[in-house]
Amino acid sequence: MNKKILKFQIFSFIFTAILGTLLHFIYNWSSNNLFVAFFSAVNESVWEHLKLLFFPMLLTIIIGYFYISKETSNFLCAKTIGIITSLLFIIIFFYTYTSILGTNIGIIDISSFFIAIILGEFLAFKIMASNMHCNHKISIIILIILILSFVIFTYNAPKIELFRDYVSNSYGVFKEV
């Protein structure tokens, strides 16, 4: 086991947990700046909360590229799989438990955020340790699609449950009058 990779994954968890938590508030702190909306939550929809996880984890890919990508041949793929796993966990867990309980509970939502980070970073670590071969171009394409999706759907959200702000019953950054 490579201790440098393990240390980086622990850093990635801490970094994502702290920055993701801050991103929940930064849009409001910025007086609803439309640029800040690109990477922070603009409402209480599940979709917007996925940004709290995605963008900090994306930054750890950029940081890790310079710090540990030479330690393993599958860094980019492992981190991309970790991100996808984390995002899917949040979506599946949220809709499963709220369907069972009939409501959402803040402490469960917050806990699931941290569990999702742990899950994604742990899986990325295991993949990096395995030296599994992968196609870096596919990882880059997936990350670009996710970035574009977050940008497009923040400013032009589809009218489906994933994008609905359960507090204001609105979609995306623009509130309908």
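What ranking of Val36, Val42, Val151 emerges when the number of other C-beta atoms within 10 Å of each C-beta is taken as an exposure proxy, fewest first?
Lowest to highest Cβ neighbour count: Val151, Val36, Val42.
Multiplying the sequence separation of Ile160 and Ile110 by 0.36 nm and subtracting their Cα-Cα distance, what value in nm do you get?
Extra length from Ile160 to Ile110 when fully extended: 15.7 nm.
In what sequence do Met57, Met132 fall when counting other Cβ within 10 Å, fewest first?
Values: Met57 26, Met132 14.
Final ranking by Cβ density, sparse to dense: Met132, Met57.
Please tell me which of these pairs span more than 20 angstrom C-alpha to C-alpha: Lys70/Lys126; Lys4/Lys126; Lys3/Lys126; Lys7/Lys70; Lys7/Lys137; Lys79/Lys159?
Values: Lys70/Lys126 16 Å; Lys4/Lys126 14 Å; Lys3/Lys126 13 Å; Lys7/Lys70 15 Å; Lys7/Lys137 26 Å; Lys79/Lys159 30 Å.
Over 20 Å Cα-Cα: Lys7/Lys137; Lys79/Lys159.
In the neighborhood of Pro56, defined by Cβ-to-Cβ distances under 15 Å, what is the net charge if each Lys or Arg adds +1 and each Asp or Glu adds -1?
0
HN-Hα J couplings of the stretch 44-55 from phi, Karplus 6.51/-1.76/1.60, θ = phi - 60°, integer Hz, Gly and Pro as x?
9, 6, 4, 4, 5, 6, 5, 5, 5, 9, 4, 5
What shape does the stretch 97-177 have by the C-alpha gyration tensor, where a ≥ b ≥ c are the square roots of the eigenvalues, rounded means a/c under 1.5, and otherwise prolate means a/b greater than b/c and oblate the rest?
oblate
Per 0.36 nm of contour for each residue apart, how much would the distance between Val167 and Thr96 grow if the chain were fully extended, relative to their Cα-Cα spacing?
Between Val167 and Thr96, full extension yields an extra 23.6 nm.
Based on the alpha-carbon gyration tensor of the stretch 9-116 and its eigenvalue square roots a ≥ b ≥ c, which shape applies: rounded if a/c is under 1.5, prolate if not and a/b is larger than b/c, or oblate?
oblate
No value in this document is a laboratory result; all are computed from the given coordinates. A quick note: this is a predicted structure, and the numbers were derived from the prediction, not measured. Cβ sites come from the backbone with ideal geometry, for glycine too, and all protein chains shown count toward neighbours.
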